[in-house]
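S.K.: Here you go, one structure.
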Amino acid sequence: MDKIELSKVDTILDDHRGKKDSLITVLQKSQNELGYLSKDTQKYIADEMKIPYSKLYGVVTFYSQFHQKPRGKYIVRVCEGTACHVRGGDKVLEALKDELGVDRGETTKDLLFTLEPVACLGACGLAPVVMINDESYGRMTPESIVEVINEYRNKN
Ligand code: FES
């Protein structure tokens with residue numbers, strides 16, 4: 001952690017020191033500030049909250065909301081639900097892997113995109129569906145998803 005990150009975590013910890021039941025809140029707020037929870041950050045929080053690191057690590061690995069690696073500015077969620085799958089969602093996922101040069105769950109080196117296959121996104125009528133952060137894109141094809149990705153690239 002650099003000094004800025006340290007002071008951000010310290011500010012969060014100030015409200016929760018000595019309150020062991022605040023661990024999840026501290027982890028959530030720290031992740032919101034830093035984007036992810038590095039090993040250093042986890043160890044620092046464990047020390048400061050006087051919690052064994054193994055216990056904190058158990059919490060971080062149990063909840064899928066916590067991330068231990070840097071994540072992209074854009075989280076690309078590709079639906080793998082049945083409706084999307086039968087309408088070509090698997091080809092959309094393959095096109096994304098090729099275009100971004102990453103596998104499932106990975107982040108591009110420029111930290112722009114994280115590829116996350118997910119279960120049904122609740123918009124089956126628009127299958128195949130991809131969400132990029134809070135934006136939904138329906139009836140995607142391998143070609144149209146590449147166009148969408150390029151739009152995001154051009155914003156940066
Ligand atoms: S199966 Fe993809 S949105 Fe429901």
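Where a number appears in this text, it was derived from the coordinates with a stated rule and is not lab data. Only a predicted model underlies this, so the values are computations on that prediction, with no experimental measurement involved. Positions of Cβ are backbone-derived with ideal geometry, glycine not excepted, and every protein chain shown enters the neighbour counts.
S.K.: Are there trypsin sites (Lys or Arg not before Pro) in segment 116-156 that DSSP puts in a loop and that have at most 13 other Cβ atoms within 10 Å, and which ones?
M.R.: Numbers: sites: Arg139, Arg153, Lys155; in loops: Arg139, Lys155.
Listed in order of number, the matching sites are Arg139, Lys155.
S.K.: List the residues, sorted by chain then number, that are 5 or more residues from Leu121 or on another chain and whose placed amide H is less than 5 Å from its amide H.
M.R.: Those qualifying (amide H under 5 Å, at least 5 residues apart or on another chain) are Gly81.
S.K.: To the nearest 500 deg cm²/dmol, what mean residue ellipticity at 222 nm is calculated for the chain from DSSP H runs of n ≥ 4 alone, each contributing -39,500 (n - 2.57), summed and divided by the residues?
M.R.: On the way: 7 runs with 74 residues, N = 156.
The helix-only estimate for the chain comes to -14000 deg cm²/dmol at 222 nm.
S.K.: I need the phi-derived Karplus couplings for segment 3-9: 6.51 cos²θ - 1.76 cosθ + 1.60, θ = phi - 60°, integer Hz, Gly and Pro marked x.
M.R.: Result, ordered by residue: 4, 5, 4, 4, 5, 5, 5 Hz.
S.K.: Quick one: which of Lys43/Lys97; Lys3/Lys97; Lys39/Lys155; Lys29/Lys109; Lys69/Lys97; Lys3/Lys55 span more than 29 angstrom between C-alpha atoms? Working shown, then result.
M.R.: Details: Lys43/Lys97 33 Å; Lys3/Lys97 36 Å; Lys39/Lys155 32 Å; Lys29/Lys109 25 Å; Lys69/Lys97 19 Å; Lys3/Lys55 26 Å.
From Lys43/Lys97; Lys3/Lys97; Lys39/Lys155; Lys29/Lys109; Lys69/Lys97; Lys3/Lys55, over 29 Å: Lys43/Lys97; Lys3/Lys97; Lys39/Lys155.
S.K.: Okay, next question. Average the reciprocal distances over every distinct pair of alpha-carbons in segment 3-62, invert the result, and give the Kirkwood radius in Å.
M.R.: On the way: mean 1/r = 0.0895 Å⁻¹.
Result for segment 3-62 stands at 11.2 Å.
S.K.: Right, here's the next one. May I ask you to list the aspartates and glutamates whose Cα is less than 19 Å away from that of Lys8, ignoring any residue fewer than eight positions away on the same chain?
M.R.: Straight-distance partners of Lys8: Glu33, Asp40, Asp47, Glu48.
S.K.: I need two numbers for segment 107-155: Rg to one decimal and Dmax as a whole number, Cα atoms only, in Å.
M.R.: Both quantities, over Cα of segment 107-155: 11.3, 34 Å.
S.K.: Let's see if you can work this out: charge +1 on each Lys and Arg Cβ, -1 on each Asp and Glu Cβ, no other charges. What is the dipole magnitude of the chain about its Cα centre, in debye to the nearest 20? Present the calculation step by step, with values, prior to reporting the outcome.
M.R.: Values: 22 positive and 24 negative charges, 85 e Å.
Dipole size: approximately 400 debye.
S.K.: Express the C-alpha Rg of segment 74-154 as a ratio against the empirical globular expectation 2.2 N^0.38 Å, rounded to two decimals. Could the numbers behind the result be given before it?
M.R.: Details: Rg = 11.2 Å, N = 81, 2.2 N^0.38 = 11.7 Å.
For segment 74-154, the normalised Cα radius of gyration is 0.96.
S.K.: Which one of Val86, Gln65, Ser136 is farthest out on the positive end of the charge dipole of the chain, using unit charges on Cβ (Lys, Arg +1; Asp, Glu -1) and the Cα centre as origin?
M.R.: Positive-end residue among those listed: Gln65.
S.K.: Among all cysteines in the chain, which have no other cysteine Cβ under 4.7 Å from their own Cβ?
M.R.: Cys120, Cys124
S.K.: Same structure again: What is the magnitude of the charge dipole of segment 14-63 about its Cα centre, with +1 placed on the Cβ of each Lys and Arg, -1 on the Cβ of each Asp and Glu, and no other charges, expressed in debye to the nearest 20? Kindly include the intermediate steps, with their values, before the conclusion.
M.R.: On the way: 8 positive and 7 negative charges, 41 e Å.
Roughly 200 debye for segment 14-63.
S.K.: Something else now. Which of Lys91, Lys3 has the fewest other C-beta atoms within 10 Å, and how do the rest follow up to the most?
M.R.: Numbers: Lys91 15, Lys3 7.
Listed from fewest to most nearby Cβ atoms, that is Lys3, Lys91.
S.K.: Determine which residues of segment 30-53 fall in the zone a paramagnetic label at Thr11 would reach in this model, i.e. backbone nitrogen under 12 Å from the point 7 Å along Cα→Cβ.
M.R.: In segment 30-53, the label zone of Thr11 (backbone N under 12 Å from the point 7 Å along Cα→Cβ) covers 30, 33-34.
S.K.: When the distances between all Cα atoms of the chain are binned every 10 Å from zero, what whole-number percent does each bin get?
M.R.: Each 10 Å bin holds this share of Cα pairs: 11, 34, 25, 20, 10, 0.
S.K.: Using a basic spin-label model with each label point 7 Å from the Cα along Cα→Cβ, how many nm lie between Glu33 and Ser136?
M.R.: 3.5 nm
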